[in-house]
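The structure appears right after this line, and notes come after that.
The values are calculated or read from the model by the stated rules, or taken from the named source; none is laboratory data. This is a predicted model, so every value here is computed, not measured. Cβ coordinates were reconstructed from backbone atoms using ideal geometry, including for glycine residues, and neighbour counts include every protein chain displayed.
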Amino acid sequence: MKTYPQALLITAALCIAALNSPARVETNAAVSTPPAAPVATADPDAVSAPWSAIKADTYDQREHFSAGVSQLEARVAAQIAELNAKRTLMNSNNTDLKAWDFAMKEMADSHAYLRAMGEEAAKATRENWEQKREKVGQAWLRTQDAYGKVKASTTT
């Protein structure tokens, strides 16, 4: 039986998005207030339990680390899906989207960088393991900073 890693990642991203999206029923749109944007933090541990779980993995724990990186990538994919859905609503409200689009470009770039650093870490040698692992942590932090900037780029 063949497994399809992309399909698993997409499924995981959709599950995470479904679990992270609050089910709200607004009865009076004029009274409701938008949820506060999360504050980007310089501490990646405060943002993500999965990063905390893998940040100290050794070279011998590469398989565990790779699985954790896949979870981080799925989480970012879910965040992007959430933001794209929000942008669709903003577009129908004729909102100025330049700041949003600029911030979303950084989000997409940071997601690609996280994926690339995860691939690099998978190829790491014992000698450069710590450096590659640290780059994944920096890439994760970059995605979360970008996520915070996109959410803060508009009040809609």
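For the reader, a short list of remarks on this structure follows.
- Test for residue 149: is it surrounded by 13 or more Cβ atoms within 10 Å (Cβ to Cβ), of a type outside the set (Phe, Trp, Tyr) and within 18 Å of residue 50 (Cβ to Cβ): no
- The listed residue being assigned to a helix (DSSP H, G or I), modelled with pLDDT under 95 and of a type outside the set (Phe, Trp, Tyr), out of 118, 148: 148
- Within the range 121-146, tally of residues that are within 18 Å of residue 73 (Cα to Cα) and surrounded by 15 or more Cβ atoms within 10 Å (Cβ to Cβ): 14
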